[in-house]
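The structure appears right after this line, and notes come after that.
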Amino acid sequence: MSLSKKLLTLAAPAALLALSGCATGLPTQVSRFQAMPVPQGQTFFIQPANPRNQGGLEFSRYAELVGRQLAAQGFNPAATPAAANFVVSLDYGVDQGQQKVVTYPGTGFGGGFGYGGFYRPYYSRFGYFGRRHHPFYYGWNDPFWGSGFDYPEVRSYTVYTSYLDMDIKRTADGQSLFEGTAKARSRTDELQVLVPNLVEAMFTNFPGRSGETVRITVPNPPRGRG
């Protein structure tokens, strides 16, 4: 058997194993301060923290997602702020991105060899990442990009930081009941992809322990679900 065929034979099982174990969620850091009351049917009204988003279709979509989460907790929507027990202020966004440059040492014939290179997964403090083309994936070592020689490779990519801020105040006296921030890094800046994940992370184990910062990875829905 030729050298190239041997390398392909050895690499295939490793590549399949790596792909089968890929993480497919958005690693999110969530910080929450809260003094939320026990849900007893209290009413809420959601408004944008940024007045420019008032009446916007995009904001309405994200407000709907937050409203569903609050309703699942036992709260009820109100038609106006005056009719609500709580007013929820919502803000979101993504930065312009930061360019990252990574230099990999020469791999020779031990890895990254053409199409038969050995797969080497990437680990970060947020967890395991394996599939290079996943939109939440920002770090990789892809065997199909190996040089096959011993000189270093230089690769660059852009990392975006997105956020969701949510504040809840009591209408009667303006008392703050909840202050939360969810932040994530990704290789996509598409808010329509990011915000729903940030909302779900914010409401994971809602309202959470006051003053605690947690890392939450929201999995992607299975295929066949919107």
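The residues neighbouring Thr161, those whose beta-carbon lies less than 11 Å from its own, together hold a net charge of 0 under the Lys/Arg +1, Asp/Glu -1 convention. Peptides 62-75, 193-206, 167-180, ordered by how many other C-beta atoms sit within 10 Å of their residues on average, highest first, read 193-206, 62-75, 167-180.
Any read-out appearing in this document is the output of simple, stated calculations on the displayed coordinates, not a laboratory observation. Small disclaimer: the values here were computed from a predicted structure and weren't measured. Every residue, glycine among them, receives a Cβ derived from its backbone with ideal geometry; neighbour counts consider all protein chains shown.
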